[in-house]
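Accompanying notes for the structure given below.
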Amino acid sequence: MRNVGRRSMSADQSKRFRNSSVLGFIGAPEHSGKLSHMRQKTDTWASEVDGAGRGIRRNAGWTGSHREGNACLMSGAETARRPIRARNTRWAARVSVWLSRLGVRPNAISVASALFAGGAGLCLAWTGRSLGNFQGWLFLSAALLIQLRLLCNLFDGMVAVEGGYKTKSGEIFNELPDRFADAFILVGAGYASMRIDWAPVAGWLCAVLALLTAYVRALGVSAGASQQFCGPMAKQHRMAVMTVACCLSALLSWCGVDWPVVAVGLVVIGVGSAITVVRRVVRIVRELEGK
């Protein structure tokens, strides 16, 4: 009981002491100036904090809207571009910067892709009239030129978008050389197996199907659908099959084995391209009907 009373009395006394201290401090003439000065500083600090808070909120709102707008732009730009994993690598970024500093324009890179593809098609067609080690080197050269064609397809877009060299005719140079490049390689691959009667026809048929896959994609965009880059036999898949077929044919040629690997690759590309056309048409129709 004594402790409780002592605690209650001490609490009451401390409350009275605080009130009397505050009243004494306020009423004291020597502290009134200090109090008004403290109030002014407090008001100034509060207004500064409030203004800074509003500024931060305004900046945060602008930054958020700015980022949101950039995200929408990037999203639209990314969906309009073919998804390529190598585009996000450091070496690709460095090469694209190096090409930009050299003054290489994306349209020139796109034309170079068709030239590399034409060289690959010539090498493939020439293998049908060659034998032995020379035939193997022709197959290997075709594989190398196909990969150079793909690198051009990578860097023309990177130099145009990331390098800031986009032109009004860029889409023409981006699409048209690709159509010629596919035809050059696939038709040349058809004549690489001259001893197989249906091989040249398969090469021309694959070239038509490759054009059809690109046409369906462009048709969907013109109708209001999004870009459809699905496979299983999109451009990069077709070139991957041809590269593997060329490398295997080179090894077999050096070993003295004559297997129609390129012709088999054409069959794989033809069937896969037909499936790709059907898949893209189905996706485009579903998207348009769902709007």
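Read the figures in this text as sums done on the coordinates, not as results from a lab. Quantities reported herein were computed from a predicted structural model and do not represent experimental measurements. Backbone-built Cβ (ideal geometry, glycine too); neighbour counts: all protein chains shown.
Before moving on, here are some points about what is shown:
- Exposure proxy order (Cβ contacts within 10 Å, fewest to most) of Lys291, Lys166: Lys291, Lys166
- Where only C-alpha atoms are counted, convex hull volume of the range 99-289 per residue in Å³: 104
- Ordering of 223-233, 143-153, 122-132 by packing is 143-153, 122-132, 223-233, highest average first (other Cβ atoms within 10 Å, averaged per residue).
- As a rough footprinting exposure proxy, the listed residues Lys168, Lys235 were ranked by other beta carbons within 10 Å of their own, and the order from fewest upward is Lys168, Lys235.
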